[in-house]
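Here the structure comes first, spelled out in structure tokens, and everything after it is commentary.
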Amino acid sequence: MAGREPRFFLVREDVLPEAIFKTVQAKELLMRGDAANVAEAVEKVSLSRSAFYKYRDKVYPFHRWQQDQTVTLGLILEHRSGVLSALLSNIAAVGGNVVTINQNLPQQGVASATITIETNNLECDVEQMLTLLRSTPGVKNARLLGS
């Protein structure tokens with residue numbers, strides 16, 4: 001399909017091949033932090049790593065994000081200069097608009113925080129944004145708390 005826009009289909013889960021459905025389950029385990037890595041996630045859902053890597057960038061759960069929809073993220077941040085600033089820059093880079101930030105006092109070198117983000121201008125899906133945020137230096141964990 002070189003040079004052609006991808007087409008998307010809404011498909012009921014009971015007609016999906018098992019490997020695709022299990023890929024979504026594994027991605028959700030990773031997103032929630034219920035699996036530390038891909039190997040653990042695929043083991044929990046009884047899926048091969050090769051099948052996971054084959055489908056991971058092509059299958060996503062369907063979320064009905066409405067305009068002005070918000071999501072709330074739970075974060076664990078290292079207590080050092082610039083971590084929160086870098087995190088906020090990454091949110092802005094993908095079109096997220098921060099509505100609220102609540103950060104607890106740091107303990108043992110880390111601080112927990114919750115951030116509520118408007119998703120109406122997001123240029124990616126929430127899972128992709130979480131992956132970006134988790135890769136931000138100083139972010140120990142980022143997970144979806146609610147929408």
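Averaged per residue, what accessible surface does the chain expose to a 1.4 Å probe, in Å²?
Per-residue accessible area for the chain comes out at 64 Å².
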For this session: Rank these by accessible area, largest first, 1.4 Å probe: 9, 52.
Result: 9, 52
Problem set entry | Residue-wise HN-Hα coupling along the range 73-84, computed from phi with Karplus coefficients 6.51, -1.76, 1.60 (Hz; x: Gly, Pro) | 10, x, 10, 10, 10, 5, 8, 8, 4, x, 5, 5
Exercise. Does anyone have the angle between helix 18-32 and the longest principal axis of the chain? Alpha-carbon axes, 0 to 90°, nearest 10?
Worked result: 0 degrees
Exercise. Could you work out the helix-only [θ] at 222 nm for the chain, with each DSSP H run of four or more residues adding -39,500 (n - 2.57) and the total divided by the number of residues, to the nearest 500 deg cm²/dmol?
Worked result: -10000 deg cm²/dmol
Exercise. Which whole-number percent is the relative contact order of the range 1-132 (Cα, under 8 Å, 6+ apart)?
Worked result: 21 percent
For this session: Quick one: how many lysine pairs does the range 1-141 have with C-alpha atoms less than 16 Å apart and a gap of 8 or more or different chains? Give me the count, please.
Result: 6
Exercise. Shape call for the range 38-147 from the C-alpha gyration tensor, a ≥ b ≥ c root eigenvalues: rounded (a/c under 1.5), prolate (a/b greater than b/c) or oblate?
Worked result: oblate
Exercise. Using mean Cβ contacts within 10 Å as the protection proxy, how do 70-77, 116-123 order, highest first?
Worked result: 70-77, 116-123
Exercise. Hey, what did the range 64-137 get for relative contact order, percent, Cα under 8 Å, at least 6 apart?
Worked result: 42 percent
Exercise. In Å, what is the Rg of the alpha-carbon atoms in the range 1-60, and how long is Dmax?
Worked result: 12.6, 38
For this session: Place a +1 charge on the Cβ of each Lys and Arg in the chain and a -1 charge on the Cβ of each Asp and Glu, then give the dipole magnitude about the Cα centre in debye, rounded to the nearest 20.
Result: 280 debye
Exercise. How big is the charge dipole of the range 1-57 about its Cα centre, in debye rounded to the nearest 20, if each Lys and Arg gets +1 on its Cβ and each Asp and Glu gets -1 on its Cβ?
Worked result: 200 debye
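The values are calculated or read from the model by the stated rules, or taken from the named source; none is laboratory data. Note that the structure is predicted; figures quoted are calculated from it, not measured. Because the Cβ atoms are built from the backbone with ideal geometry, glycine has one as well, and the counts that use them run over all protein chains shown. Keep in mind that these areas ignore ligands, DNA and RNA; they rest on the heavy atoms of the full protein, side chains included. Shrake-Rupley method; radii C 1.70, N 1.55, O 1.52, S 1.80 Å.
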